[in-house]
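The values are calculated or read from the model by the stated rules, or taken from the named source; none is laboratory data. From a predicted model like this one, the values you see are computed outputs, not experimental measurements. Backbone-built Cβ (ideal geometry, glycine too); neighbour counts: all protein chains shown.
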Amino acid sequence: MSNQLVGSDMRNKPFGARLRAAMDTRGPLCVGIDPHQHLLDAWGLPDTAEGLASFTYGVVDALADRVAVFKPQSAFFERFGSAGIAVLEQATIRLRDAGALVIIDAKRGDIGSTMGGYAAAYLAEKGPLACDALTVSPYLGFGSLQPAIDVARESGAGLFVLALTSNPEGPQFQTARTADGPTVAGAVLDGLRGLNADADDLGSFGAVVGATISSTDENLDINGPLLAPGLGAQGGTAEGLTKVFGTAVRNVVPSSSREILGAGPTGLQAAADRANDAYRTVLGY
Ligand SMILES: O=C(O)c1cc(=O)[nH]c(=O)n1[C@@H]1O[C@H](COP(=O)(O)O)[C@@H](O)[C@H]1O
């Protein structure tokens, strides 16, 4: 498969444009890299930084040139301290060199001045963990994300802001009403719509909306990408995406981790191709 998706000619385009081009070429699937301990076991690997490296580079070698987007879960790399973070850094570089986009799933969120530190690590062009997009948490206030928004705009990176998450506890906060009237999730989606207002096709500021939520009254038309985790292991299905996302379904980035990784080192390519075909059909690629 070709490597031209986000080569040097595309690195200077904003994340939203690169994402659309990558999904058009390779299909919409995002493979989550979540090296759970039970998966290391199932792959016959030790629960050590070396096992983590073998697992992660196995995924990279098998899929980097055929899948558009990867989402390494920082927690499973942090579990091994600096040795684990080094694997995350290396994997991110290798995936991007192979033309894939990398969303680091670290769900960062803090007061504005601290947010600037995270932005320098993950979103600045020359940051040590420079990636294409970062998941962030808006629960210190949407405005607290401003330093990350500023750095992302400057470097051409993107953000995915938690809106309607896939876990059953999410609605307790996310569907609560703010003093101004909209729900917390609705206020996040409004903020994102504002950030993407000037983008041509797909803006760079996305929302996280779980594939498990079954349906929502919120307006998901944010002119930006909608990261949909919760597929496979958490019960979300390709067919269910139309019901959750309605007319915004073409902007969905369907993300699956355990469902693909559980296929084992020799089954990864077939599992990813199968999932990609199913999402292509449903999302209209
Ligand atoms: O931001 C995320 O990616 C995320 C948001 C959400 O609402 N639900 C959710 O499951 N995730 C992440 O997506 C991945 C789901 O993994 P699987 O259930 O194995 O596909 C994990 O890394 C979660 O942390």
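Computed quantities for the displayed model
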{"read-out": "Members of the stretch 64-102 that are in a helix (DSSP H, G or I) and of a type in the set (Asp, Glu)", "value": "Glu78, Glu89, Asp97"}
{"read-out": "Qualifying residues in the stretch 21-30 (those that are of a type outside the set (A, V, I, L, M) and either within 16 Å of the ligand (Cβ to nearest atom) or more than 16 Å from Ala98 (Cα to Cα) (or both)) - the one surrounded by the fewest Cβ atoms within 10 Å (Cβ to Cβ)", "value": "Asp24"}
{"read-out": "Tabulated pairs, the stretch 158-171, first within 25 Å of Ala17 (Cβ to Cβ) and at pLDDT 95 or above, second among the charged types (D, E, K, R) and within 7 Å of the ligand (Cβ to nearest atom), C-beta under 8 angstrom, 6+ apart or interchain", "value": "Leu162/Lys107"}
{"read-out": "Single condition Ala270 does not satisfy, out of (1) away from the ligand (no atom under 14 Å from the Cβ); (2) under 16 Å from the mean Cα position of the chain (by Cα); (3) aliphatic (A, V, I, L, M)", "value": "(2)"}
{"read-out": "Residue satisfying all of: in the stretch 209-252; within 10 Å of the ligand (Cβ to nearest atom) and part of a strand (DSSP E or B); surrounded by the fewest Cβ atoms within 10 Å (Cβ to Cβ) among these", "value": "Gly236"}
{"read-out": "Scan of the stretch 253-267 for residues that are buried (at least 18 other Cβ atoms within 10 Å of the Cβ) and either within 26 Å of Phe205 (Cβ to Cβ) or away from the ligand (no atom under 15 Å from the Cβ) (or both), ordered by number", "value": "Val253, Pro254, Ser255, Ser256, Ser257"}
{"read-out": "Candidates Val67, Val59, Val87 - the one that is touching a Lys or Arg at 6+ places or on another chain (Cβ under 9 Å), hydrophobic (A, V, I, L, M, F, W, C) and modelled with pLDDT of 95 or more", "value": "Val67"}
{"read-out": "Residue within the stretch 114-127 that is polar (S, T, N, Q), touching a Pro at 6+ places or on another chain (Cβ under 8 Å) and either over 27 Å from Met23 (Cα atoms) or surrounded by 23 or more Cβ atoms within 10 Å (Cβ to Cβ) (or both) present", "value": "no"}
{"read-out": "Any hit, the stretch 2-17, residues being touching a Cys at 6+ places or on another chain (Cβ under 6 Å) and at pLDDT 95 or above", "value": "no"}
{"read-out": "First in the stretch 31-45 and surrounded by 19 or more Cβ atoms within 10 Å (Cβ to Cβ), second anywhere and outside any helix (DSSP H, G or I) and among the charged types (D, E, K, R), Cβ under 8 Å, 6 or more apart", "value": "Val31/Lys71; Gly32/Lys71; Gly32/Asp105; Ile33/Lys71"}
{"read-out": "Positions within the stretch 46-78 being in contact with a helix residue (DSSP H, G or I) (Cβ under 8 Å, 6 or more places away or on another chain) and over 24 Å from Asp97 (Cβ atoms), in sequence order", "value": "Pro46, Asp47"}
{"read-out": "Selection count where residues are crowded, with 21+ Cβ neighbours inside 10 Å and either assigned to a loop (DSSP other than H, G, I, E, B) or among the charged types (D, E, K, R) (or both), scope the stretch 131-160", "value": "4"}
{"read-out": "Filter result for Asp61 (within 16 Å of the ligand (Cβ to nearest atom), part of a helix (DSSP H, G or I) and either surrounded by fewer than 18 Cβ atoms within 10 Å (Cβ to Cβ) or without any contact (Cβ under 8 Å) to a residue 24 or more places away in the chain (or both))", "value": "no"}
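To keep it simple, each residue is scored yes or no on (1) in contact (Cβ under 8 Å) with a residue 24 or more places away in the chain; (2) within 20 Å of the chain's Cα centre (by Cα).
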{"site": "Asp180", "(1), (2)": "no, no"}
{"site": "Val188", "(1), (2)": "yes, yes"}
{"site": "Asp200", "(1), (2)": "yes, no"}
{"site": "Gly210", "(1), (2)": "yes, yes"}
{"site": "Pro225", "(1), (2)": "yes, yes"}
{"site": "Pro229", "(1), (2)": "yes, yes"}
{"site": "Gly232", "(1), (2)": "yes, yes"}
{"site": "Val253", "(1), (2)": "yes, yes"}
{"site": "Arg258", "(1), (2)": "yes, yes"}
